[in-house]
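What follows is one structure encoded as structure tokens, with my remarks underneath.
The values are calculated or read from the model by the stated rules, or taken from the named source; none is laboratory data. Just so you know, these numbers come straight off a predicted model, no measurement behind them. Here the Cβ positions follow ideal geometry from the backbone for every residue, glycine too, while neighbour counts run over all protein chains shown. What goes into the accessible areas is simple: the full protein's heavy atoms, side chains included, and nothing from ligands, DNA or RNA. Shrake-Rupley method; radii C 1.70, N 1.55, O 1.52, S 1.80 Å.
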Amino acid sequence: MADQEGKMDPARRQSRVTSFDVAERAGVSQSTVSRALSGSAVISEATRSRVLEVASELGYFVDERAARLRRGHTGTLAAVVITKPGGNARDVNPFSYALLGGVCAAAAERGLEVLVSLQGDEDKLFGHYVERGQAEGLIVIGTTLNRPAWDYFRGIGETSELVAYWGSPLGDLDWVSSDNDAGARMAAEHLAEQGCTKLACIGSRGGTQRQFAERADTFLARAKELGLGAQLVEIGDEDDRHDQGRAAAERMLADGFATDGVFAVCDALAFGVLEALNTAGRKMPEEIKLIGFDGLQAGELSSPTLTTIEPDLDQAGRLLVEAVTSGGPHSGIRRVPVRLLKRGSS
């Protein structure tokens, strides 16, 4: 109750204000408060103004989530970032965080919130957000190095149309992906334009990351079309991409492959290549030019700064969100446009 000066009783101030409190202070019914705050046309402007004034005085805010649930909508999307088993937030590839940012921005444009979960351990996987009414759709991204997790979320997708994927090792899952062909062609053409004649591609064709194979195949084919020598340097099974890139570059140098232009099929690999070339005293871009793929902001801080192929992650986020909110059938992979960001390494 309020005192004679209109101030709230201290005991009530400590409790959560409800629509019944607003109704009591405004001298109307609780249903009138609900209608006034929802914009119902049956409520007079005078009554609406009074209710809004009292709600503001009491610090009452409409529980939008509860209101959406009553209308049959959660107003929420779920996003799962797959990590390596036993991994934590620090182990997640920065690209996944950048892509997640694009998803959150696209969801916000539609008035949706995003429930984010990092999952890696096989016995703790969970994806039934839609079935439990916690979300209106599910977006799955993350490392390809956790096949059991991808198998699990593939099963989720088989029972629901409201699941979209990015970057899976399972070739038929991805709904949205970078335009790998266009990006790899850009890389080969840029190195050719910079005067390179003997190219190396740091990547793989037979690993768990299908996008790596697409980028490597197109790069090598385009180099051949341009009349350039080109060789694939396969990455190994080191624990992370940086170490894979470093080790591959070290093998390349030890084998005496005299390359003057290198394309690493992702930026994380490229950072390892940078380390190996710097350690070996190879000058970039004077002796060797290097291009990565992913557009990670960390490339702005490397030495030298990393030239890279950048996918439009804002568009990627919009396409992923659209895939789980449009209600239409899945019609094949949507490719996200890419562009070349020229920096100091080329």
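Numbers at a glance
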quantity	calculated
Single match in Phe219, Phe263 (criterion: part of a helix (DSSP H, G or I), within 22 Å of Glu310 (Cα to Cα) and either out of contact with any Ser or Thr (no Cβ under 8 Å at 6 or more places or on another chain) or open to solvent by less than 30 Å² (accessible area, probe 1.4 Å) (or both))	Phe219
Tally, over the range 175-187, of residues that are assigned to a loop (DSSP other than H, G, I, E, B) and buried (at least 21 other Cβ atoms within 10 Å of the Cβ)	1
Top-ranked residue in the range 332-346 [being touching a His at 6+ places or on another chain (Cβ under 9 Å) and surrounded by 15 or more Cβ atoms within 10 Å (Cβ to Cβ); ranked as farthest from Lys283 (Cα to Cα)]	Leu340
Single residue of Arg68, Arg50, Arg16 found to be out of contact with any Gly (no Cβ under 7 Å at 6 or more places or on another chain) and either at pLDDT below 85 or outside any helix (DSSP H, G or I) (or both)	Arg16
Sole residue being open to solvent by less than 20 Å² (accessible area, probe 1.4 Å) and either touching a strand residue (DSSP E or B) at 6+ places or on another chain (Cβ under 9 Å) or modelled with pLDDT of 90 or more (or both), chosen from His190, His242	His190
Restricting the range 297-316 to residues that are open to solvent by less than 10 Å² (accessible area, probe 1.4 Å) and touching an Asp or Glu at 6+ places or on another chain (Cβ under 9 Å), the residue that is nearest to Leu162 (Cα to Cα)	Pro311
Qualifying positions in the range 266-296 - farther than 19 Å from Leu341 by Cβ and either part of a loop (DSSP other than H, G, I, E, B) or charged (D, E, K, R) (or both)	Glu275, Ala280, Gly281, Arg282, Lys283, Glu286, Glu287
Members of the range 297-319 found to be part of a loop (DSSP other than H, G, I, E, B) and over 15 Å from Gly344 (Cβ atoms), listed by number	Asp312
Yes/no for Glu109 being modelled with pLDDT of 90 or more, open to solvent by 40 Å² or more (accessible area, probe 1.4 Å) and farther than 17 Å from Tyr165 by Cα	yes
Residue count for the range 193-216, restricted to those that are out of contact with any helix residue (DSSP H, G or I) (no Cβ under 6 Å at 6 or more places or on another chain), assigned to a helix (DSSP H, G or I), open to solvent by less than 60 Å² (accessible area, probe 1.4 Å) and modelled with pLDDT of 95 or more	1
Those residues of the range 304-336 which are at pLDDT 95 or above and over 15 Å from the mean Cα position of the chain (by Cα), in sequence order	Pro304, Thr305, Leu306, Thr307, Thr308, Ile309
